[in-house]
Amino acid sequence: MQNKYKHILFTGGGTGGHIFPALAIAEEIKEMDSNCMISFIGTYNKIEATIVPQNGYAFYPIWISGLQRRITLKNLLLPIKLVVSFVQVFTILKKLKPNLVVGTGGYVCGPVLRVASWFKIPTIIHESNSYPGITTRLLAKKASKVYLAFNETKKMLSKNINSEVVGNPTRNKFGKVSANAGKKYFGLEQNLKTILIFGGSLGASKINSSIYSIITLVHQKNYQVIWQTGKTEAAYYQSSVKQMNIKILPFIDEMEYAYAAADVVICRSGAITISELTLLGKPAILIPYPHASENHQYFNAKVLTDNNAALLIEEKELEEKLFSSLYDLLSSDSKLKEMAIQSKKLGRPHASKIIAKQLIQQIESNSND
């Protein structure tokens, strides 16, 4: 199935945490070798179906979904979807003849990596979470290499798996904006402590309601806030909170400015968020999503808290601990500085470059065999 061209096929999606690392690697590959072809396989109706074409890459959708935790029609359709997806992948791979297939997470990776192995196409996996997902656990043994974001993950995989800890690929735009520029972008005061709050691209109702319950206290302490609520709840909170130093937005497109402005971040602990925080060395209060598969967000957050790089508050403890933890942190410049130092020690800013370089080298090595 190999051809004389460099062609790398990425597969991953369902969430930004799976597709953004793939895009970051793809961006580095194009900078290193503009002649390398790059394509993506994802699902029809998730974020990758929009984001990938917007970034200029060929996108091939397949019909697949994950297993629901309760009995639903989607679960009854899953065996049919699996069969259809295998046929679709077989057809796509036969047409594209990629040199490598790279999986970055999500249920879409399963059929793609499996069929690629049948075709004897080398497969690569990138595991973004500290606790390895089911795709990694099932298919790592057949992969040419498994890239990991955390040292802790290596201990959970078989010793005979070819793995390397490189971190999570992040977008190049982070770390290039000053704090002054970030605050100016959002129309904030330059001399006030700034809190950035977000619960993911769709928002997080529990985080929103907890923030709302303490927002008067936050305002009284003269802190300023950049608060991404998600689209469904933005109008409610915008009408309920009218202080000039609290910026409520449904979605933040330019996250590099938001991070730059922030003295402390309150957020979930998805793998990509963790990587962005440690890349920038941002003090954080992490609130793991309690329903994440294998509770992986808790384990992601634990890596930072074990290294004194963040505070961890579980959702059930928010009302009791959120404001006191926030105030304690913002009241101590020494704590903020130390947390920033420890966070940045965990950062791996060159993950995209390392992976991209090795992928190109592997194709070149295979073509010379």
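The values are calculated or read from the model by the stated rules, or taken from the named source; none is laboratory data. Computed from a predicted structure; not experimentally measured. Cβ: placed from backbone, ideal geometry, glycine included. Neighbour counts: every protein chain shown.
A few remarks follow.
- Which listed residue, of Lys81, Lys95, is at pLDDT 95 or above, surrounded by fewer than 24 Cβ atoms within 10 Å (Cβ to Cβ) and among the basic types (Lys, Arg): Lys95
- The numbered conditions (1) of a type in the set (A, V, I, L, M); (2) modelled with pLDDT of 95 or more; (3) surrounded by 21 or more Cβ atoms within 10 Å (Cβ to Cβ) are all true for Val165 except (3).
- Any hit, the stretch 277-287, residues being of a type outside the set (Asp, Glu), closer than 26 Å to Ile134 by Cβ and assigned to a helix (DSSP H, G or I): yes
- From the list Asn222, Asn245, the one residue that fits, being at pLDDT below 95, more than 21 Å from Glu315 (Cβ to Cβ), polar (S, T, N, Q) and more than 16 Å from the chain's Cα centre (by Cα), is Asn245.
- For the stretch 53-65, the criterion of being closer than 24 Å to Leu148 by Cα, crowded, with 18+ Cβ neighbours inside 10 Å and out of contact with any strand residue (DSSP E or B) (no Cβ under 6 Å at 6 or more places or on another chain) is met by none of the residues.
- Criterion: under 19 Å from Ser128 (Cβ atoms), of a type in the set (Val, Ile, Thr) and touching a residue at least 24 places away in the same chain (Cβ under 8 Å) - qualifying residue of Ile214, Ile274, Ile252: Ile274
- Checked against (1) closer than 24 Å to His18 by Cα; (2) in a helix (DSSP H, G or I), Leu196 meets all criteria but (2).
- Breaking point among (1) under 19 Å from the mean Cα position of the chain (by Cα); (2) crowded, with 16+ Cβ neighbours inside 10 Å; (3) on the phi < 0 side of the Ramachandran plot; (4) of a type outside the set (D, E, K, R), for Asn151: (2)
- Restricting Gly106, Gly56 to residues that are at pLDDT 95 or above and at positive phi narrows the list to Gly56.
- Taken over the stretch 274-323, the criterion of being among the polar types (S, T, N, Q), surrounded by fewer than 23 Cβ atoms within 10 Å (Cβ to Cβ) and closer than 20 Å to Lys206 by Cα is satisfied by Ser293, Asn295.
- A Cβ distance below 7 Å, combined with a sequence gap of six or more or placement on separate chains, defines the contacts here; from the stretch 194-210, residues that are closer than 17 Å to Val264 by Cβ and of a type in the set (A, V, I, L, M) reach residues that are modelled with pLDDT under 90 and part of a loop (DSSP other than H, G, I, E, B) in the pairs Ile207/Gly199.
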